[in-house]
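Everything on this sheet refers to the single structure shown next.
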Amino acid sequence: MRSADLKTLILKLFGHKEFYGYEVHKVLASEGIELEISQLYRVLKEMLKEELLESSWKTSQLGPKKRMYQLGERGKAALNDVFVDTIKTVHSFYGTYLLSLIPKINVFKEIYQLLTNELKDDGIVVFLTINLSPMHEMIIQNLHSKLPHGKIVLVKPNALLVDMNLDNLLFLNGFYNDVPLKTDYADCMIVIDLPKRKYLERALKEWHRVLKPNGKLAIFTPSILIAQYEDPLTIGDFIEKHEHETIEKGEHLNKIILEEQVKHYFKKIEEKSIVHMTILRLSEPVQLRARAKI
């Protein structure tokens with residue numbers, strides 16, 4: 001076994017536990033991994049030098065002192081990287097699974113119906129996201145087929161590179177609270193995830209401005225991020241919670257606060273839960289005293 005693989009395996013096996021060298025050897029042997037004890041102690045020594053591990057000597061009543069190991073700060077960070085990569089992998093496989101379901105039970109069929117209901121084939125849709133997944137791309141592909149005479153405007157950060165070549169798809173650089181489009185422009189706006197709380201009020205005002213007076217807004221968010229929850233979490237909610245917190249550095253948003261702010265801009269709020277996602281459909285925009293023109 002390569003030293004790098006062995007180091008990762010030690011981090012995963014012992015995580016936040018204290019352990020001694022020969023214990024590692026026994027655990028690996030029980031998993032069918034044959035390893036020379038000299039190689040193991042050489043790797044442990046390297047991990048100490050790299051500050052992946054810390055060690056101390058402890059006296060035993062039944063024998064000589066043992067050198068005990070535990071993860072150092074760099075080791076904890078490295079283990080967290082392993083955790084994040086695992087979450088990304090599981091999420092990717094789960095997305096592939098959802099995409100592969102037969103039409104009768106495919107969750108995206110229901111999502112498409114929610115989005116395209118009452119949308120004319122020459123409509124204008126604004127799709128706002130800071131991260132584009134294969135599932136999001138599929139939604140855009142479906143919208144493309146539903147709008148043969150319409151237009152889709154993908155608003156995204158400048159750093160997000162998108163490889164999609166559709167004849168009615170345009171790209172703009174922007175953010176939740178900065179959508180570089182004129183007032184009363186879109187028939188429908190689709191927002192993936194929610195901005196941080198400090199941006200929410202300005203973002204809602206911006207989305208309201210860009211929509212036509214009879215326009216509709218759909219917000220996609222993992223349910224765990226706006227719902228009250230108790231442990232233990234389901235595996236899906238656990239993945240969504242930690243992906244959002246660990247990878248995206250996001251935050252949870254109280255659902256009551258969200259609805260209170262939404263009511264300032266939209267009269268009608270519909271909520272639909274599909275697997276681990278919640279879709280908020282907002283319609284009947286409130287007529288504000290002034291809708292800024294750009």
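Computed from the coordinates by the stated procedures, all read-outs in this text should not be read as laboratory data. This structure is a prediction, so every number in the text was calculated from the model and none was measured. Every residue, glycine as well, gets a Cβ built from its backbone with ideal geometry; the counts of neighbours run over all protein chains shown.
Numbers at a glance
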{"read-out": "Trypsin sites (Lys or Arg not before Pro) restricted to DSSP loop in region 134-218 with at most 15 other C-beta within 10 Å", "value": "Lys182, Lys196"}
{"read-out": "GNM flexibility winner over the chain from Ser56, Ser223, Ser145 (Cα, springs under 10 Å)", "value": "Ser56"}
{"read-out": "Sites matching trypsin sites (Lys or Arg not before Pro) across region 244-288 that sit in DSSP coil, with at most 10 neighbouring C-beta atoms within 10 Å", "value": "Lys249"}
{"read-out": "Inter-label distance, nm, simple model (7 Å from Cα along the C-beta direction), Arg74/Ser145", "value": "5.2 nm"}
{"read-out": "Listed residues Gln70, Gln141, Gln39, most fluctuating in the chain (Gaussian network, C-alpha, under 10 Å)", "value": "Gln39"}
{"read-out": "Enclosed volume per residue, in Å³, of the convex hull spanned by Cα atoms of the chain", "value": "185 Å³"}
{"read-out": "Where labels lie 7 Å past Cα in the beta-carbon direction, separation of Thr183 and Ser60 in nm", "value": "7.7 nm"}
{"read-out": "Over the chain, relative contact order from alpha-carbon pairs under 8 Å, at least 6 apart, %", "value": "12 percent"}
{"read-out": "DSSP bridge pairs, the chain: antiparallel proportion in percent, nearest 5", "value": "55 percent"}
{"read-out": "Contact order normalised by residue count of region 3-76, Cα under 8 Å, 6+ apart, percent", "value": "35 percent"}
{"read-out": "Whole-angstrom gap from region 260-278 to region 162-181, using each part's C-alpha centre", "value": "24 Å"}
{"read-out": "Within region 4-102, trypsin sites (Lys or Arg not before Pro) in DSSP loop having at most 10 other beta-carbon neighbours inside 10 Å", "value": "Lys17"}
{"read-out": "Within a Gaussian network of the chain (alpha carbon springs, distance under 10 Å), most fluctuating of Leu225, Leu170, Leu280", "value": "Leu170"}
{"read-out": "Violating pairs (Cα-Cα greater than 23 angstrom) within the set Lys216/Lys267; Lys88/Lys198; Lys49/Lys241; Lys151/Lys268; Lys109/Lys241; Lys76/Lys255", "value": "Lys88/Lys198; Lys49/Lys241; Lys151/Lys268; Lys109/Lys241; Lys76/Lys255"}
{"read-out": "Longest site-free stretch - the chain; sites: GluC sites (Glu not before Pro), DSSP loop, at most 15 other Cβ within 10 Å", "value": "119-229"}
{"read-out": "√(5λ) per eigenvalue of the Cα gyration tensor, region 1-150, largest first, Å", "value": "54, 16, 12"}
{"read-out": "C-alpha long axis of helix 21-30 to longest principal axis of the chain, angle in °", "value": "70 degrees"}
{"read-out": "Principal-axis tilt of helix 107-116 within the chain, Cα atoms, nearest 10 degrees", "value": "30 degrees"}
